[in-house]
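Trainee: This is the structure I have questions about; it appears just below.
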Amino acid sequence: MEISVIICSYNRIKFIPGLLKSLENQDLDMRLFEVVLIDNNSDDGTAEFCSNYSTKQNIPNFRYIFEGKPGLSHARNRGITESIGEVIVFIDDDALACPEYLSEIHSFFNSEKSASCIGGKILPKYESKRPEWMSMFLEPVMSVINLGDVVKEFPKNKFPIGANMAFRKTVFETVGLFNTELGRTGKKMLGGEEKDLFYRIRKTDLSIFYLPKAWIYHIIPDERLTFEFIRKQAVGIGYSERLRAANIGKIELLKSYIKELMKWAAVFLLSIFYGAQFQFSKTEMLIKFRWFVSYGLFSGKL
């Protein structure tokens, strides 16, 4: 087996059939990849659906695994240990992969021997419509990333997004697994586990590439666009960054504080830019989002 596609899911049964259908339609030989769905304590019928799906064998190498420890990092780590592929692909359960998705990843890792991990392009697919307050600077919070159409190494200030990323399995032998103190757990909107992992990868000088042709759609449901959801997510981002940095040391935490203040300077400039175009809803949401991130970071409270 050359590729293991890992799907970590918690009560997202309405999205899973669409994702699996997109994986059924891959142009890569199905004998070259497996799909491993890690059920992280779902109670919405995910287990029953996967049991029925396995009998259909639309994807011959499909496996369902239950992970009882709550938390995305626990689920991802279980996926890593259970997988048998030389390359591990993580894709979100609410994503839709393009037909060339796995063949692009397969071809790239075979041709670029120096590549240790990649992040692909992630395009938004709004359940209803893109809200007026949504700016390109907030879309990364919705797991959206588009660095163009050219293969390149990730810029030092950016890293892949968990909805679409792939690694040689040997990477985890070198830098370790995901930090289980970080990452979303149930309804607790923590994060930072991906940033923590990629920081460790960069410290070992392993290369991280951007692979635009391995693209996916990321479905953004209406409930993720409510003010309360944005608030909780922003506070969780700040709180998680505090945890990540504090685990490293006081200097790293101080760096996080400084970077946050620099982001406030950027928000000020963007507010002027959008204000000049009378796009006040974008300005308002940028300020509120940054305020909630800062609250989580500086207060250490959720």
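The values are calculated or read from the model by the stated rules, or taken from the named source; none is laboratory data. Nothing here was measured: the structure is a model prediction, and the numbers come from that model. Counting neighbours? That spans all protein chains shown, and the Cβs are built from the backbone with ideal geometry, glycine included. Protein only, heavy atoms only, side chains kept; ligands, DNA and RNA dropped before computing areas. Shrake-Rupley method; radii C 1.70, N 1.55, O 1.52, S 1.80 Å.
For (1) in contact with a strand residue (DSSP E or B) (Cβ under 9 Å, 6 or more places away or on another chain); (2) open to solvent by 40 Å² or more (accessible area, probe 1.4 Å); (3) closer than 22 Å to residue 83 by Cα, each residue gets a yes or a no:
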{"site": "129", "(1), (2), (3)": "no, yes, no"}
{"site": "138", "(1), (2), (3)": "no, no, no"}
{"site": "143", "(1), (2), (3)": "yes, no, no"}
{"site": "146", "(1), (2), (3)": "yes, yes, no"}
{"site": "151", "(1), (2), (3)": "yes, yes, no"}
{"site": "163", "(1), (2), (3)": "yes, no, yes"}
{"site": "167", "(1), (2), (3)": "yes, no, yes"}
{"site": "176", "(1), (2), (3)": "no, no, yes"}
{"site": "184", "(1), (2), (3)": "no, yes, yes"}
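Trainee: Condition test on residue 194, is it surrounded by fewer than 20 Cβ atoms within 10 Å (Cβ to Cβ) and at pLDDT below 95?
Mentor: Spelling it out, it is not the case that residue 194 is surrounded by fewer than 20 Cβ atoms within 10 Å (Cβ to Cβ) and at pLDDT below 95.
Trainee: Another question, if that's okay. Being in a strand (DSSP E or B) and either closer than 18 Å to residue 12 by Cβ or of a type in the set (A, V, I, L, M, F, W, C) (or both) is the filter here, so list the residues in the stretch 24-69 that pass it.
Mentor: The answer is 33, 35, 36, 37, 38, 39, 62, 63, 64, 65, 66.
Trainee: On the basis of being open to solvent by less than 30 Å² (accessible area, probe 1.4 Å), under 30 Å from residue 105 (Cβ atoms) and polar (S, T, N, Q), does residue 240 make the cut?
Mentor: yes
Trainee: Let me ask something additional. For the stretch 77-87, name all the residues that are aliphatic (A, V, I, L, M) and in a helix (DSSP H, G or I).
Mentor: So the first thing to find is which residues in the stretch 77-87 are aliphatic (A, V, I, L, M), and the list is 80, 84, 87.
If the condition is that a residue be aliphatic (A, V, I, L, M) and in a helix (DSSP H, G or I), then 80 is the only one that fits.
Trainee: If you don't mind, there's one more thing I want to ask. Pick out the one residue from 259, 213, 187 that is touching a residue at least 24 places away in the same chain (Cβ under 8 Å), among the charged types (D, E, K, R) and on the phi < 0 side of the Ramachandran plot.
Mentor: Of the residues listed, the single one that is touching a residue at least 24 places away in the same chain (Cβ under 8 Å), among the charged types (D, E, K, R) and on the phi < 0 side of the Ramachandran plot is 213.
Trainee: What's the number of the only condition in (1) modelled with pLDDT under 95; (2) in contact with a Leu (Cβ under 8 Å, 6 or more places away or on another chain) that residue 222 fails to meet?
Mentor: With respect to (1) modelled with pLDDT under 95; (2) in contact with a Leu (Cβ under 8 Å, 6 or more places away or on another chain), residue 222 is out only on (2).
Trainee: Checking residue 39 against (1) charged (D, E, K, R); (2) open to solvent by 70 Å² or more (accessible area, probe 1.4 Å); (3) closer than 24 Å to residue 172 by Cα, which test does it fail?
Mentor: (2)
Trainee: In the stretch 96-114, which residues are hydrophobic (A, V, I, L, M, F, W, C) and surrounded by 22 or more Cβ atoms within 10 Å (Cβ to Cβ)?
Mentor: 97, 102, 105, 109
Trainee: May I ask you to list pairs of residues, at least six apart or on different chains, whose Cβ atoms are under 7 Å apart, with the first in the stretch 283-302 being in contact (Cβ under 8 Å) with a residue 24 or more places away in the chain and part of a helix (DSSP H, G or I) and the second being open to solvent by 90 Å² or more (accessible area, probe 1.4 Å) and not β-branched (Val, Ile, Thr)?
Mentor: 286/137; 290/263; 296/302
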